[in-house]
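Engineer: Dropping the structure in here first, questions after.
The values are calculated or read from the model by the stated rules, or taken from the named source; none is laboratory data. Because the structure is a prediction, the values reported are computed rather than measured. Glycine gets a Cβ as well: all are built from the backbone with ideal geometry, and neighbour counts include every protein chain shown. These area figures cover heavy atoms from the full protein model, side chains too; ligands, DNA and RNA do not enter into them. Shrake-Rupley method; radii C 1.70, N 1.55, O 1.52, S 1.80 Å.
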Amino acid sequence: MTSRAFTFPGQGSQAVGMGKELADAFPEARAVFDEVDEALGEKLSQTLFEGPEDVLRLTENAQPALMASSIAVLRVVESRGVSLSQHAKFVAGHSLGEYSALCAAGTFSLSDTARLLRTRGQAMQKAVPVGHGAMAALLGLDLDTARAVAEEAAQGEVCQVANDNAPGQVVISGALAAIERAVEIAKAKGSKRALLLPVSAPFHCSLMQPAAEAMAAALAEVQMNAPVVPLVANVLAAPITDPAEIRQRLVEQVTGVVRWTESVTWLAGQGGVTELVELGTGRVLTGLAKRIAPDLATQAVGGPADIDVFVASVTA
């Protein structure tokens, strides 16, 4: 019998036009985008569907936009007889995707999730002046080597592992000069490719502490329910269900490492999951899963055709 985890993508998966086909085809999807627009007091859906890309890419827009796109997919599959509580054993999300996962599992309302992600995006952007921080992908290095590179490059500045995405794909984050040093050190240590990422702020490092404090304040004000299935948390790579702990881990996540390799490894091992289903835009998590746990079955569900295939596989 198939045992599934529903996963939700993070920043970088956004694309102009995402969700439009769904919104045009399914009233359940349109209702999600309308509710997010209302919660934010602006037509974010127009930016999703039509761009411009540079506006969609802004952290404060990309985060609620990706969440809306994921929840729109979920609402459509639910309308076709697929229930998260019955057909998923766990949820997990990459960085901002953790909020999408918690919205999907009923911890946050859709409107609250949209507002939290708008706050999170703005706070992350504000935490470090533009041009002072950076992130880089170190490809072909294992996690321990990447950590050693970051420590050597720091020289009194912040330089830390931010995302352990898959074997041989580690992202570091910190002060611009330190990250630039790390790229050169990584190449000398055998990294196949080491390159700066086109991001607007150094996410998931200690420079984000002001954003963590902003999220602690925002999360303290929001109604939270226990998720209908456990969340495998980014900072723990282990399942949690207690709302107070979820709140604490979401705050830690702003400055902490996204332990994605360990999360997927846990799901495929102790979690007993046999299929990872990525809900929303793109196929990033599906690609990472194939590198982390090649025996896991995967499905990426984003558009109407994907939904047909997925629903048929679940309800057959």
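Engineer: Say whether the condition of being within 30 Å of VAL73 (Cα to Cα) and assigned to a strand (DSSP E or B) is met by at least one residue in the stretch 136-144.
Structural biologist: Yes, the stretch 136-144 contains at least one residue that is within 30 Å of VAL73 (Cα to Cα) and assigned to a strand (DSSP E or B).
Engineer: Next up: Quick check on this structure: which one of ALA268, ALA233, ALA316 is without any contact (Cβ under 8 Å) to a residue 12 or more places away in the chain and aliphatic (A, V, I, L, M)?
Structural biologist: ALA316 is the lone residue from the list that is without any contact (Cβ under 8 Å) to a residue 12 or more places away in the chain and aliphatic (A, V, I, L, M).
Engineer: Please enumerate the residues belonging to the stretch 209-243 that are closer than 19 Å to ARG115 by Cα and part of a helix (DSSP H, G or I).
Structural biologist: PRO210, ALA211, ALA212, GLU213, ALA214, MET215, ALA216, ALA217, ALA218, LEU219, ALA220, PRO243
Engineer: Looking at ALA293, ALA297 in this structure, which one is open to solvent by 30 Å² or more (accessible area, probe 1.4 Å) and under 16 Å from LYS89 (Cβ atoms)?
Structural biologist: ALA297
Engineer: Let me ask something else about it. Would you please list the contacts, defined by Cβ atoms under 6 Å and residues six or more apart or on different chains, that run from a residue in the stretch 97-121 that is farther than 19 Å from ARG75 by Cα to a residue that is part of a helix (DSSP H, G or I) and of a type in the set (Asp, Glu)?
Structural biologist: ARG118/GLU60; GLY121/GLU60
Engineer: For the stretch 3-43, name all the residues that are out of contact with any His (no Cβ under 8 Å at 6 or more places or on another chain), hydrophobic (A, V, I, L, M, F, W, C) and touching a residue at least 60 places away in the same chain (Cβ under 8 Å).
Structural biologist: ALA5, PHE6, ALA15, MET18, LEU22, ALA25, PHE26, VAL32, VAL36, ALA39, LEU40
Engineer: Could you run through the stretch 162-195 and say how many residues are in contact with a helix residue (DSSP H, G or I) (Cβ under 7 Å, 6 or more places away or on another chain), crowded, with 23+ Cβ neighbours inside 10 Å and among the β-branched types (Val, Ile, Thr)?
Structural biologist: The qualifying residues number 2.
Condition check ((1) of a type in the set (A, V, I, L, M, F, W, C); (2) out of contact with any Cys (no Cβ under 6 Å at 6 or more places or on another chain); (3) without any contact (Cβ under 8 Å) to a residue 24 or more places away in the chain; (4) in a helix (DSSP H, G or I)) across all residues:
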| residue | (1), (2), (3), (4) |
| --- | --- |
| ILE246 | yes, yes, no, yes |
| GLU252 | no, yes, no, yes |
| GLY272 | no, yes, no, no |
| LYS290 | no, yes, yes, yes |
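Engineer: Based on this model, can you work out whether PHE26 counts as over 16 Å from the mean Cα position of the chain (by Cα) and open to solvent by 20 Å² or more (accessible area, probe 1.4 Å)?
Structural biologist: In short, yes.
Engineer: Among the residues of the stretch 70-89, is any assigned to a helix (DSSP H, G or I), modelled with pLDDT of 95 or more and within 14 Å of the chain's Cα centre (by Cα)?
Structural biologist: yes
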